[in-house]
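> Please find one structure pasted underneath; my questions will follow.
Derivation of every value follows stated rules applied to the coordinates shown; laboratory data play no part. Here the structure is a predicted model, which means the values were calculated and not measured. A quick note on method: Cβ atoms are made from the backbone with ideal geometry, for glycine too, and the neighbour counts reach across all protein chains shown.
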Amino acid sequence: MIPLRRTCKQAAALLVAREDRRIALSDTVALRLHLMACQACPRFERQLLTMRNAMRQWRNYGTDDGL
Ligand SMILES: [Zn+2]
């Protein structure tokens, strides 16, 4: 159990890293476990997802408008 423990700081770093690269399977598992046990990090994850969706929409607007 102890090797799978992550602090909130580590979990946040993993969430950000996961946005633009593949992270190790052990990190994925550890992150999932942390998100199940933590109150703050799932909220941060939701913010990241919202931000990513917003960025994607913004890019789509750009191509639609021919910018
Ligand atoms: Zn946390």
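> Trypsin sites (Lys or Arg not before Pro) within the range 1-33: which are DSSP loop residues with at most 14 other Cβ atoms inside 10 Å?
Listed in order of number, the matching sites are R5, R21, R22.
> For the chain, which cysteines have no second Cys with its Cβ under 4.7 Å from theirs?
Cysteines lacking a close Cβ partner in the chain: C8.
> A40 versus M55, label points 7 Å from Cα toward the beta carbon: distance in nm?
Calculated label separation equals 2.3 nm.
> Compare Q57, Q39, Q47 in a GNM of the chain, Cα atoms joined below 10 Å, and give the one with the largest fluctuation.
Comparing Q57, Q39, Q47 in a Gaussian network model of the chain, the most mobile one is Q57.
> So for the range 2-64, what percent of the C-alpha to C-alpha distances run longer than 19 Å?
That tail contains 36 percent of the Cα-Cα pairs.
> How many nm separate the modelled label positions at Q47 and I23, each set 7 Å beyond the Cα in the direction of the Cβ?
The answer from the label model is 1.6 nm.
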